[in-house]
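Notes follow once the structure below has been shown.
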Amino acid sequence: MNENNEITETATMAQINKHNDLEYKYTNSDIKKIVSKIERLKNKKHHINILKIILEETRNYTETQNGILLLMNELSNDTIGKISDYLKCITKKQVDNTSSNKETITNDIFLSH
């Protein structure tokens with residue numbers, strides 16, 4: 001990972017840690033959607049970062065050969081919000097990277113003709 005990615009990731013985590021959206025109460029349906037998004041993540045780094053967010057609040061989890069198990073509905077609204085914000089950030093980065101890759105491919109095609 002280069003220095004720019006590390007700086008961006010640190011800045012992103014700092015933004016997430018400042019989550020103050022206490023007005024919205026996450027429902028069980030919201031939590032299920034968040035869990036589904038986490039399960040679809042392919043990059044282990046993201047799972048580790050989400051665990052770091054959770055460990056700021058609780059150490060109540062079980063580690064098995066299949067991964068880490070915990071009850072998301074026992075986490076505070078603030079922690080769920082931080083996780084949700086983190087997922088939004090990585091989704092946005094993936095969309096930005098995909099757009100950038102498409103532009104590069106398009107530019108390469110035009111330059112080769």
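None of the figures in this text is laboratory data; all of them are computed from the coordinates on show. Predicted model, so just to flag it, every value in this text is computed and none were measured. Note that we place each Cβ from the backbone using ideal geometry, even for glycine, and neighbour counts take in every protein chain shown.
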Can you list the HN-Hα couplings for the range 50-66, worked out from phi with the Karplus curve (6.51, -1.76, 1.60; θ = phi - 60°), rounded to whole Hz and with x for Gly and Pro? 5, 4, 4, 4, 5, 5, 5, 9, 9, 10, 8, 8, 10, 9, 10, 5, 8
Please work out how much length the chain gains when fully extended from residue 25 to residue 66, using 0.36 nm per residue of separation minus the C-alpha to C-alpha distance, in nm with one decimal. 11.8 nm
Say each of residue 40 and residue 93 gets a label point 7 Å from the Cα, pointing the same way as Cα to Cβ; how far apart are those two points in nm? 1.8 nm
Diffing the range 84-91: the Karplus 3J(HN,Hα) column from phi (6.51, -1.76, 1.60, θ = phi - 60°), in whole Hz with x for Gly and Pro, holds 4, 4, 4, 4, 5, 4, 6, 5
